[in-house]
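Everything on this sheet refers to the single structure shown next.
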Amino acid sequence: MRIEDVELIELSVQLRFRFETSFGVEQELSKVLLVLHSGGLEGYGEVAASAFPGYSSETSAGCWLALTDYILPQVIGRDFETPAQLLAELASIRGHNMAVAALETAFWDLLAKAQGVPLWQLLGGVRTAFPVGASLGIQGSVAETVELARAHADQGYRRLKFKVRPGWDVVPLEAVREALPDMPLTVDANSAYRLTDARVFRRFDLLDLDYIEQPLAFDDLVDHARLQSMLATPLCLDESIHSPGDARKALELGSGRVINVKVGRVRGHLEARRVHDVALAFGAPVWCGGMLELGIGRAHNLHLSSLENYTLPGDTASASRYWEEDIVDPWLDAKEGIQQIPDGAGLGVTLKRDLIERLAVRRIRVA
Ligand code: OSB
Ligand code: MG
């Protein structure tokens, strides 16, 4: 498949809720879409990075620059048979995983469309529907947290994840556990703690959480292993895992027992599948994380979640939870906490070009 030209479109979009985490608050988001053109077909990708480098060092503006300055110039006008060939061509570019992933995932969509099959089949998936959970930001009070938890449990979500940070952790979680004794619950610290906070984790350990996500620094697999050895609750790694090699090292060291896979963080679907395979070999379940995606990124997450070892509910909640209007048809909404992978070739979604035009703040066509 020859990559003829590539559109980049930056959108300014408003989340339906204020999303507070240990690294900041997000509501007005910058999202970069990538449309790949080849032989009359279009492949869609979405940059996972946000405007501010709080979760990751990558940003939406940085990804735009990485794509226009050195990623796209290496692939435009070239022919690639497989995602592996495309990645090999970009092997000299260190890092910039989210920028590369936007292109790589668009190429998968294109390939699947060219073959007339849904993306999940090309990825080697084994299911077309699965349970999902929701990731809930830090709220202003314990009462609001419990109310939000109840509302999401009532909507059918199969697991609730709560953002925590030092000073906002055990108290709200104990209240939620009391209100929802049987609900699968997890917490996500986004690296806000140190090993010296072990006291907090011992209290979390009494709440029957499914796992504790990324409590410590992204680059500290050793301290994660020490913390894991003190706890019955599994640790889940998010920010720490940028490659299949990271997954291997983390699972070998015992730094965690679960992995949150984000396709952007690990450079695309091919690497995400390798992370999945490493985890499977270690007997560690994975789940699909989220980056507050619009319809393209969300559709990629749904297809990815079809693989065998995605046995825990992911963060790929209903699109209508996040957006008044999404940029694709159909709506990617869960029913009773079950997400269905869209039918049709490739991602199985169509772009709402008029809406995208209205939300666009800049665009470029690289040929
Ligand atoms: O740590 O999983 C995270 C959102 C942005 C950046 C990092 C994270 C998140 C979420 C929300 O938890 C996931 C979602 O609902 O898309
Ligand atoms: Mg996380």
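Only residues that are within 16 Å of ligand 2 (Cβ to nearest atom) and assigned to a loop (DSSP other than H, G, I, E, B): list them for the range 188-209, please. Selection gives ALA189, ASN190, SER191, ALA192, TYR193, LEU209.
Listed here are the residues, each with its yes/no results for (1) within 16 Å of ligand 2 (Cβ to nearest atom); (2) open to solvent by 40 Å² or more (accessible area, probe 1.4 Å); (3) of a type outside the set (Asp, Glu).
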site	(1), (2), (3)
GLU46	no, no, no
SER56	yes, no, yes
TRP64	no, no, yes
ASP69	no, yes, no
PRO83	no, no, yes
MET98	yes, no, yes
GLU104	no, no, no
GLN115	no, yes, yes
LEU122	no, yes, yes
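Just checking, does the range 233-244 include any residue being more than 14 Å from ligand 2 (Cβ to nearest atom) and under 28 Å from PRO342 (Cβ atoms)? Within the range 233-244, one or more residues are more than 14 Å from ligand 2 (Cβ to nearest atom) and under 28 Å from PRO342 (Cβ atoms). Residue count for the range 323-350 satisfying the condition of being at negative phi and in a loop (DSSP other than H, G, I, E, B): 16.
Annotation note: of ASP219, ASP246, ASP238, the sole residue that is charged (D, E, K, R), closer than 22 Å to ALA99 by Cα and open to solvent by less than 10 Å² (accessible area, probe 1.4 Å) is ASP238.
Of the residues contained in the range 141-154, one or more are found to be free of Cβ contacts under 8 Å to residues at least 40 places away in the same chain, in contact with a Lys or Arg (Cβ under 9 Å, 6 or more places away or on another chain), over 30 Å from GLY62 (Cβ atoms) and open to solvent by less than 20 Å² (accessible area, probe 1.4 Å).
Residue by residue, here is whether (1) within 16 Å of ligand 1 (Cβ to nearest atom); (2) under 21 Å from the mean Cα position of the chain (by Cα); (3) over 29 Å from GLU144 (Cα atoms) holds:
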{"site": "ARG165", "(1), (2), (3)": "yes, yes, no"}
{"site": "TRP168", "(1), (2), (3)": "yes, no, no"}
{"site": "MET183", "(1), (2), (3)": "no, no, no"}
{"site": "ASN190", "(1), (2), (3)": "yes, yes, no"}
{"site": "LEU235", "(1), (2), (3)": "yes, yes, no"}
{"site": "HIS242", "(1), (2), (3)": "yes, yes, yes"}
{"site": "GLY268", "(1), (2), (3)": "no, yes, yes"}
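Every listed requirement among (1) under 15 Å from LEU36 (Cα atoms); (2) in contact with a Leu (Cβ under 8 Å, 6 or more places away or on another chain) is met by ALA101 save one, (2). The numbered conditions (1) surrounded by fewer than 17 Cβ atoms within 10 Å (Cβ to Cβ); (2) in a helix (DSSP H, G or I) are all true for ILE356 except (1). Restricted to the range 293-322, and to residues there that are surrounded by fewer than 20 Cβ atoms within 10 Å (Cβ to Cβ) and part of a loop (DSSP other than H, G, I, E, B), the residue that is nearest to ligand 2 (Cβ to nearest atom) is THR311. For the range 115-144, filtered to residues that are of a type in the set (Val, Ile, Thr) and more than 16 Å from ligand 1 (Cβ to nearest atom), the residue that is farthest from the chain's Cα centre (by Cα) is VAL142.
Taken together, the residues in the range 129-176 that are away from ligand 2 (no atom under 16 Å from the Cβ) and either more than 14 Å from ILE212 (Cβ to Cβ) or not in a helix (DSSP H, G or I) (or both) amount to 30.
The values are calculated or read from the model by the stated rules, or taken from the named source; none is laboratory data. From a predicted model like this one, the values you see are computed outputs, not experimental measurements. Note: ideal-geometry Cβ built from the backbone for every residue, glycine included; neighbour counts use all protein chains shown. Note: accessible area is taken over every heavy atom of the protein model, side chains too, but ligands, DNA and RNA are not part of it. Shrake-Rupley method; radii C 1.70, N 1.55, O 1.52, S 1.80 Å.
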